[in-house]
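What follows is one structure encoded as structure tokens, with my remarks underneath.
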Amino acid sequence: MFNSNINSFYVSHDKERICQGDILQNFKIIYLEGEKLKEAYLPYVVVLSQDCDLCQCKDNKLDDKQSCHQYLPNIMILPAFLTEEIREGFYLNVKHTRINSEQYKKIQQNKDERYFLLKEDREKSLNELIIDFKIYYTIPYNDVKKQYNDKYLTTINELFRENLSIRFSHYLSRIGLPELNE
């Protein structure tokens, strides 16, 4: 087997631009509920937008010289929750199904299609987190950029973020089949 140079789950970078796999903490989102604008803070979010798009849109400004296909109006983020919150079944102020020990073992091995485990890293002050693929947001690029430098914590290393992206897209593209009475 080919030996990889990747020796950790996380890596840090210079924050020159937003990157796929960046983990931001205490991230503010503004959303519409009914006809009212509301504000909430997510303890952790992971940037999921493709890195090639984020790289092209470093400044994300439209002018006469830039073709429209390079403009990225929104960034997709996935909230990440403390393991205890997911296991207890209460996060985002919503009651979810509790996670039993057997299901948690599958989540720890990243073998549950709905969840993705982010490993703990004490050096980066990062607790073990779990992403629930049923919950995702698109946030205007400039709103993410405004908070980025203050909220950046670390970045998921390239192979692991590719795995996250593939697993998320697979989960999102699943087809619900009806039960047939035969």
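Cβ-Cβ contacts under 9 Å between residues 6 or more apart (or on different chains), taken from a first residue in region 133-145 that is closer than 19 Å to Phe81 by Cβ and in contact (Cβ under 8 Å) with a residue 40 or more places away in the chain to a second residue that is part of a loop (DSSP other than H, G, I, E, B) and of a type in the set (A, V, I, L, M, F, W, C), are listed as Ile135/Leu92; Tyr136/Leu48. I'm checking my understanding of the structure. Among residues of region 76-105 that are aliphatic (A, V, I, L, M) and touching a residue at least 40 places away in the same chain (Cβ under 8 Å), which one is farthest from Glu120 (Cα to Cα)? Ranking the candidates gives Met76 first. A single member of Lys119, Lys95, Lys145, Lys106 is surrounded by 11 or more Cβ atoms within 10 Å (Cβ to Cβ) and over 18 Å from Leu48 (Cβ atoms), and it is Lys106.
If I go through region 119-137 residue by residue, how many of them are under 16 Å from Tyr171 (Cβ atoms) and assigned to a strand (DSSP E or B)? Before the answer, list the steps.
Quick first cut of region 119-137, residues under 16 Å from Tyr171 (Cβ atoms) only: 130-137.
Narrowing the set further to residues that are assigned to a strand (DSSP E or B) leaves 130-132, 137.
Residues in region 119-137 being under 16 Å from Tyr171 (Cβ atoms) and assigned to a strand (DSSP E or B): 4 in total.
Across region 122-142, the qualifying residues are those that are among the charged types (D, E, K, R) and modelled with pLDDT under 95, and the one among them that is surrounded by the most Cβ atoms within 10 Å (Cβ to Cβ) is Lys124. Could you count how many residues in region 145-159 are of a type in the set (A, V, I, L, M, F, W, C) and at pLDDT 95 or above? Of the residues in that region, 2 qualify.
For region 106-123, which positions are without any contact (Cβ under 8 Å) to a residue 60 or more places away in the chain, touching a strand residue (DSSP E or B) at 6+ places or on another chain (Cβ under 7 Å) and not aromatic (Phe, Trp, Tyr)?
To start, the set of residues in region 106-123 that are without any contact (Cβ under 8 Å) to a residue 60 or more places away in the chain comprises 106-112, 114-117, 120, 122-123.
Going one step further and asking which of them are touching a strand residue (DSSP E or B) at 6+ places or on another chain (Cβ under 7 Å), we end up with 107-108, 110, 114-117, 120.
Listed by number, the residues that qualify are Ile107, Gln108, Asn110, Arg114, Leu117, Glu120.
Yes/no per residue for (1) under 18 Å from the mean Cα position of the chain (by Cα); (2) at pLDDT below 95; (3) farther than 26 Å from Tyr10 by Cα; (4) of a type in the set (S, T, N, Q):
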position: Pro43; (1), (2), (3), (4): yes, no, no, no
position: Lys61; (1), (2), (3), (4): no, yes, yes, no
position: Ser67; (1), (2), (3), (4): no, yes, yes, yes
position: Leu78; (1), (2), (3), (4): yes, no, no, no
position: Glu85; (1), (2), (3), (4): yes, no, no, no
position: Tyr104; (1), (2), (3), (4): no, no, no, no
position: Ile107; (1), (2), (3), (4): yes, no, no, no
position: Tyr115; (1), (2), (3), (4): yes, no, no, no
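The values are calculated or read from the model by the stated rules, or taken from the named source; none is laboratory data. Keep in mind the model is a prediction, meaning the values are calculated, not measured. When we count neighbours, we look across all protein chains shown, and the Cβ atoms used for this are built from the backbone with ideal geometry, even at glycine.
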